[in-house]
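Written below as structure tokens is the structure these notes are about.
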Amino acid sequence: MANQPSSYPILCASFNQDASLFAIGTRDGFRIFDSNNGRLCYERALGAFNIVEMLFSSNLVAIVGAGEQPSLSPRRLCLFNTMSGNALRELNFLTSILAVRMNRKRLIVLLQDKTYIYDINSLTILDTIDTVPNLKGICAFSPSLDGCFLALPASITKGSLLLYNVMELQLHCEIDAHLAPLSTMVLSSNGMYIATASEQGTIIRVHLVSEATKSYSFRRGSYPSTIFSLSFGQCSQVPEILVATSSSGSVHVFPLGFAINQSRRSGGFLGSIMLDSISDALDPAHHHIVHNAVPAGIKSYAVIRKVDRVADTSSSEIVACRATLAIITYNGYFQEYNLSLSNQNEFSRSLDCEFNLLTAIANNDVRL
């Protein structure tokens, strides 16, 4: 979520791999917050940053400048220690860095037409991937070491993507997801599912990574809209929920787990979906909307921080799930909603908190 228009006070926003922390980059520096209580944990006034990526709850942060100061080049990646306040290592590239992703074994660096895979401990280059021009830095990465996949656009004219296994350093598959070029995508935390949206923004598709061609689809709406972000809930198997933010200002909620389970009980409707057919979206009943969560047109980034499943004690069937939805708006606000979904298609939500990210004051007792 980097390279934002100059009108936004927030230049980038990111959550760490388990969504326990989030970071923002501004023209003054970067800040790290505790997702559980909104407390400002760390701030560093160094200048403008386009990328701030954390490694779980460690002191390691990958930062990339916005180029507004000579010392903060968009071609230089700095691995920064928030405890010592020192740069551990710097990597320089020939062109601007568009995205950075990390887990405990791999460091991924995206440029316009190349992607580098590093061993994060030695910073040895393990592989270099030549890509189609990717000016928006579109990618998806699953931090799990067991299903550690990286997804990159495969075309500039249609919505196809390549999936790489970055632990085994080999191409896994190619998926033709949409007719129009991709606008955003996300992998589930366990690497089992990938969700994609095209520049049209009307259909969101979910593919099972292992099978590559089996897809599930959700219709966001009939009119084109820019999808700003997609997020799965944390999961061990099937994600229970998928959310999308868009330029309409609404948050779209798709109960993926219930939809898949219900479709299997009713004869596998989802498995018979045809790509790009007019009927390849689930019934609108499987789609819920949080209207006007963000002012229309304001860029936003949302994640599902937590999902709690509620089981029927008599049958052990999951009858409801409760989720915590966190939203960062690029005009400077943080919101948190509590969502409730049932297998009877009942949906409720409540705004739990909202505060200004730019006016928060650090608590000196908090350390990463």
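The values are calculated or read from the model by the stated rules, or taken from the named source; none is laboratory data. The structure displayed is predicted, hence computed values, not measured ones. Cβ: placed from backbone, ideal geometry, glycine included. Neighbour counts: every protein chain shown. In case anyone asks, the SASA skips ligands and DNA or RNA and just uses the protein heavy atoms, side chains included. Shrake-Rupley method; radii C 1.70, N 1.55, O 1.52, S 1.80 Å.
For the reader, a short list of remarks on this structure follows.
- Selected residue [touching a strand residue (DSSP E or B) at 6+ places or on another chain (Cβ under 8 Å), in contact (Cβ under 8 Å) with a residue 60 or more places away in the chain and not small (Gly, Ala, Ser)] from Lys114, Lys105: Lys105
- In the range 56-88, the residue that is nearest to Leu145 (Cα to Cα) out of those that are outside any strand (DSSP E or B) and open to solvent by less than 30 Å² (accessible area, probe 1.4 Å) is Thr82.
- Per-region count, the range 184-198, residues at pLDDT below 95, assigned to a strand (DSSP E or B) and surrounded by fewer than 24 Cβ atoms within 10 Å (Cβ to Cβ): 0
- Residues of the range 30-45 satisfying the condition of being crowded, with 17+ Cβ neighbours inside 10 Å and under 18 Å from Gln69 (Cβ atoms): Phe30, Arg31, Glu43, Arg44
- Number of the condition not met by Glu53 [criteria: (1) within 22 Å of the chain's Cα centre (by Cα); (2) open to solvent by 70 Å² or more (accessible area, probe 1.4 Å); (3) of a type in the set (D, E, K, R)]: (2)
- Qualifying residues in the range 299-314 (those that are at pLDDT 95 or above and either of a type in the set (Ser, Thr, Tyr) or surrounded by fewer than 19 Cβ atoms within 10 Å (Cβ to Cβ) (or both)) - the one nearest to Phe232 (Cα to Cα): Tyr301
- Conditions (1) open to solvent by 20 Å² or more (accessible area, probe 1.4 Å); (2) not in a strand (DSSP E or B): number failed by His172: (2)
- Looking only at the range 199-232, and only at residues there that are of a type in the set (S, T, N, Q) and open to solvent by 20 Å² or more (accessible area, probe 1.4 Å), the one that is farthest from Leu161 (Cα to Cα): Ser222
- Some residue of the range 262-283 being in contact with a Gly (Cβ under 9 Å, 6 or more places away or on another chain), over 19 Å from Ala197 (Cα atoms), surrounded by 12 or more Cβ atoms within 10 Å (Cβ to Cβ) and at pLDDT below 95: yes
- Every pair of residues 6+ apart whose Cβ atoms lie under 9 Å, when the first sits in the range 133-150 and is without any contact (Cβ under 8 Å) to a residue 40 or more places away in the chain and under 16 Å from Leu161 (Cβ atoms) while the second is among the hydrophobic types (A, V, I, L, M, F, W, C) and open to solvent by 30 Å² or more (accessible area, probe 1.4 Å): Pro133/Ile156; Asn134/Ile156
- Cβ pairs under 9 Å, 6+ apart, first in the range 194-207 and more than 17 Å from Gly233 (Cα to Cα), second open to solvent by less than 10 Å² (accessible area, probe 1.4 Å) and of a type in the set (Asp, Glu): Ile203/Asp280
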